[in-house]
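Enquirer: Pasting a structure here, questions to come.
The values are calculated or read from the model by the stated rules, or taken from the named source; none is laboratory data. Predicted, not measured: the structure shown is a model, and the values here were computed from it. No Cβ is skipped: glycine too gets one built from the backbone with ideal geometry, and neighbour counts run over all protein chains shown. These area figures cover heavy atoms from the full protein model, side chains too; ligands, DNA and RNA do not enter into them. Shrake-Rupley method; radii C 1.70, N 1.55, O 1.52, S 1.80 Å.
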Amino acid sequence: MNWNIIYYNEILEENILSLPSGLLARYLRLTDMMIKFGPNLGLPHTKQIESGLFELRLKSKDGISRVFYCTKIQQKIVMLHSFIKKSQKTPKKELKIAKFRKKEVMNNESF
């Protein structure tokens, strides 16, 4: 059974779809794999950040980007937040947004 990918909001979906072409191609390839094989593709593609919060790791000649996501029952992958990396460490501000959105998604039945 295939997984479904949904987005936290339309703005996030638009931000992801407006990534530079190399990063977008990588995103589309990896999400196709996630739909078929599930949310845990393993390193270097996905990484668990904390319990229930994961990152999709995108890298191309255009740069490096991360997309945070979580999973819900009924095989749903919920994309929470994305950003383009400019340093080695993930900025705390980006992680804070993802954690807040994950908490909202887990407490909301409409996702």
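Enquirer: Which count do you get for residues in segment 15-48 that are assigned to a helix (DSSP H, G or I) and over 15 Å from Leu80 (Cβ atoms)? Before the answer, list the steps.
Expert: At the first step, the residues of segment 15-48 found to be assigned to a helix (DSSP H, G or I) are 15-17, 21-37.
With the extra rule that they be over 15 Å from Leu80 (Cβ atoms), the set shrinks to 17, 21-26, 28-30, 32-33, 35-37.
Selection size over segment 15-48: 15.
Enquirer: Determine the pairs where a residue that is at negative phi, located within segment 29-42, has a partner that is exposed (fewer than 12 other Cβ atoms within 10 Å of the Cβ) and in a loop (DSSP other than H, G, I, E, B) with Cβ atoms under 9 Å apart, the partner being 6 or more residues away or on another chain.
Expert: Pairs that qualify, where the first residue is at negative phi and the partner is exposed (fewer than 12 other Cβ atoms within 10 Å of the Cβ) and in a loop (DSSP other than H, G, I, E, B), are Ile35/Asn2; Lys36/Asn2.
Enquirer: Answer yes or no: is there a residue in segment 2-9 that is open to solvent by 60 Å² or more (accessible area, probe 1.4 Å) and not polar (S, T, N, Q).
Expert: Checked against the condition, which is being open to solvent by 60 Å² or more (accessible area, probe 1.4 Å) and not polar (S, T, N, Q), segment 2-9 yields no hits at all.
Enquirer: Scan segment 71-81 and tell me whether some residue there is in contact with a Leu (Cβ under 9 Å, 6 or more places away or on another chain), within 15 Å of Ile5 (Cβ to Cβ) and among the polar types (S, T, N, Q). Reasoning before the result, please.
Expert: Of segment 71-81, the ones in contact with a Leu (Cβ under 9 Å, 6 or more places away or on another chain) are 79-81.
Remaining after also requiring within 15 Å of Ile5 (Cβ to Cβ): 79-81.
Then keep just the ones that are among the polar types (S, T, N, Q); that gives none.
So far as segment 71-81 goes, no, none of its residues is in contact with a Leu (Cβ under 9 Å, 6 or more places away or on another chain), within 15 Å of Ile5 (Cβ to Cβ) and among the polar types (S, T, N, Q).
Enquirer: Just name the residue that is modelled with the highest pLDDT out of those in segment 70-93 that are open to solvent by 60 Å² or more (accessible area, probe 1.4 Å) and aliphatic (A, V, I, L, M). Talk me through it step by step, then tell me what you get.
Expert: At the first step, the residues of segment 70-93 found to be open to solvent by 60 Å² or more (accessible area, probe 1.4 Å) are 73-74, 84, 86-89, 92-93.
Those left that are additionally aliphatic (A, V, I, L, M): 73, 84.
On the way: Ile73: 85, Ile84: 93.
For segment 70-93, the residue satisfying everything is Ile84.
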